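S.K.: Can you keep this structure in mind? I'll have questions shortly.
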Amino acid sequence: MNKNKKDTKTKVTKSRGQFAIVLLSFKRNKLAMAGLIILFILFLTAIFAPFIAPYGFDTTDYDNTFQQPSAEHLFGTDEFGRDIFSRVVYGSRLSLSVGFIAVAISVVIGGTLGAIAGFYQKQIDNLIMRFMDILLAIPQFLLAISIVAVLGPGLFNLMIAVGISSIPRYARIVRATTMTIKGEEYIEAAVASGTNDTGIIFKHILPNCMAPLIVQISLGIADAILMAAGLSFIGLGIQPPAPEWGAMLSGGRNYIRGWAYMTYFPGLAIFFTTLSLNLVGDGLRDALDPKLKN
């Protein structure tokens, strides 16, 4: 009994030590820390949007349309007199929500399918992975367009479309990791102790697939935000008057020659959001993969 306690304590200590090493490595990456700070600011902006935005995102003022950026309207106003700064602030809620929820859908479905395929292999593996190959054969953006065209535009359908189109990448990552760790001693010990297949997959395999998944998730959220903005830009995503950044770009392009600021600010919001997520993803990759450390 004392030996088991000692082994458990050793594992916990080792786990904490590895986490500290990863955290220290991440902190040393200045670009990754800069991305994390930007991302943290974006999260605060999304959470406290009603307190930060000076106006409602759908508040119109037809006496102040096409106002250039000023002290009263930091980012100017659009064709309806709506404050662009307020709309960009509220838009952070929509874009971050779509990014995180869409990726959550992809990870849950794709990760489970990948773990099942890698664990059982043979016929089940062939069936699942050939279906993933079919999805991969279709360009991701085109697949998302097809799904939205069937389901119809809207926030919920946009999340589903972006999430489904990203499933194959997570399935392949988890499958490859599962096939690598399936022969490890702790998996064999779980089998020998009588743990069923479901317990092995969800208690032992999936938790050990998190390192490569964490990196892909951070990069995948950036891709999901870009894809959602693209779908909204062509009218298949979140519909006006919702302040989605892609839809704001689409609305501002009609006035880009005389009032280019209408596209600058939502475009910069997309740029800095995706940049921060990519920097964080690169930092996590370097911290979690010893081969990439200097």
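S.K.: For the subset of the stretch 124-164 comprising residues that are more than 22 Å from the chain's Cα centre (by Cα) and surrounded by 15 or more Cβ atoms within 10 Å (Cβ to Cβ), which member is modelled with the lowest pLDDT?
M.R.: My answer is D125.
S.K.: Are there any pairs with C-beta distances below 7 angstrom linking a residue in the stretch 224-249 that is under 19 Å from V89 (Cα atoms) to a residue that is in a loop (DSSP other than H, G, I, E, B) and aromatic (F, W, Y), with the two at least 6 apart or on different chains, and if so which?
M.R.: P243/F57
S.K.: I need a count of the residues in the stretch 84-112 that are small (G, A, S), crowded, with 23+ Cβ neighbours inside 10 Å and closer than 30 Å to F202 by Cβ.
M.R.: 5
S.K.: Those residues that are in a loop (DSSP other than H, G, I, E, B) and in contact (Cβ under 8 Å) with a residue 60 or more places away in the chain, I need them from the stretch 259-283; list them, please.
M.R.: First pass over the stretch 259-283, keeping only residues in a loop (DSSP other than H, G, I, E, B): 259-260.
The answer is W259, and nothing else.
S.K.: Residues that are in a helix (DSSP H, G or I), out of contact with any His (no Cβ under 7 Å at 6 or more places or on another chain) and either modelled with pLDDT of 95 or more or surrounded by 11 or more Cβ atoms within 10 Å (Cβ to Cβ) (or both): does the stretch 65-83 have at least one?
M.R.: Initial filter on the stretch 65-83 (in a helix (DSSP H, G or I)): none.
There is no residue in the stretch 65-83 that is in a helix (DSSP H, G or I), out of contact with any His (no Cβ under 7 Å at 6 or more places or on another chain) and either modelled with pLDDT of 95 or more or surrounded by 11 or more Cβ atoms within 10 Å (Cβ to Cβ) (or both).
S.K.: Quick one: A115 ticks every box in (1) more than 22 Å from S218 (Cβ to Cβ); (2) surrounded by 15 or more Cβ atoms within 10 Å (Cβ to Cβ) bar one, so which box is it?
M.R.: Status for A115: all satisfied but (1).
S.K.: A further question on this structure: Identify, please: which residue in the stretch 168-191 is charged (D, E, K, R) and farther than 15 Å from Q121 by Cα and is, among those, surrounded by the fewest Cβ atoms within 10 Å (Cβ to Cβ)?
M.R.: Within the stretch 168-191, the match that is surrounded by the fewest Cβ atoms within 10 Å (Cβ to Cβ) is E185.
S.K.: I'd like to know if the stretch 51-58 contains one or more residues that are at pLDDT 90 or above, surrounded by fewer than 22 Cβ atoms within 10 Å (Cβ to Cβ) and under 25 Å from F202 (Cβ atoms).
M.R.: The answer is no; no qualifying residue exists.
S.K.: Scanning for something under 25 Å from the mean Cα position of the chain (by Cα) and at negative phi, does the stretch 66-73 turn up at least one residue? Explain how you work it out, then say what you get.
M.R.: Filtering the stretch 66-73 for residues under 25 Å from the mean Cα position of the chain (by Cα) gives none.
No; the residues of the stretch 66-73 include none that is under 25 Å from the mean Cα position of the chain (by Cα) and at negative phi.
S.K.: One residue is enough: does the stretch 31-50 have a residue meeting the conditions in a helix (DSSP H, G or I) and within 24 Å of R257 (Cα to Cα)? Show your work before the answer.
M.R.: Of all residues in the stretch 31-50, those in a helix (DSSP H, G or I) come to 31-47, 49-50.
From what is left, the residues that are within 24 Å of R257 (Cα to Cα) are none.
No, the stretch 31-50 contains no residue that is in a helix (DSSP H, G or I) and within 24 Å of R257 (Cα to Cα).
S.K.: I'd like the full set of residues that are within 22 Å of T112 (Cα to Cα) and not in a helix (DSSP H, G or I), limited to the stretch 145-174.
M.R.: Selection gives S166 alone.
S.K.: Here's something else I'd like to know. Checking M210 against (1) in a helix (DSSP H, G or I); (2) in contact (Cβ under 8 Å) with a residue 60 or more places away in the chain; (3) not polar (S, T, N, Q): exactly one of these is not met. Which one?
M.R.: Unmet for M210, out of (1) in a helix (DSSP H, G or I); (2) in contact (Cβ under 8 Å) with a residue 60 or more places away in the chain; (3) not polar (S, T, N, Q): (2).
S.K.: What number of residues within the stretch 224-239 are buried (at least 22 other Cβ atoms within 10 Å of the Cβ) and in a helix (DSSP H, G or I)?
M.R.: Looking only at that region, the number is 7.
S.K.: Consider the stretch 167-195. How many of its residues are hydroxyl-bearing (S, T, Y), free of Cβ contacts under 8 Å to residues at least 40 places away in the same chain and closer than 24 Å to I214 by Cβ? Even if it seems obvious, please write down each step before you answer.
M.R.: Pass one, the stretch 167-195, residues hydroxyl-bearing (S, T, Y): 170, 177-178, 180, 186, 193, 195.
Narrowing the set further to residues that are free of Cβ contacts under 8 Å to residues at least 40 places away in the same chain leaves 180, 186, 193, 195.
Then drop every residue that is not closer than 24 Å to I214 by Cβ, which leaves 180, 186.
Looking only at that region, the number is 2.
The values are calculated or read from the model by the stated rules, or taken from the named source; none is laboratory data. Worth saying up front: this structure is predicted, and the values here are computed from it rather than measured. We place every Cβ from the backbone using ideal geometry, glycine too, and count neighbours over all the protein chains shown.
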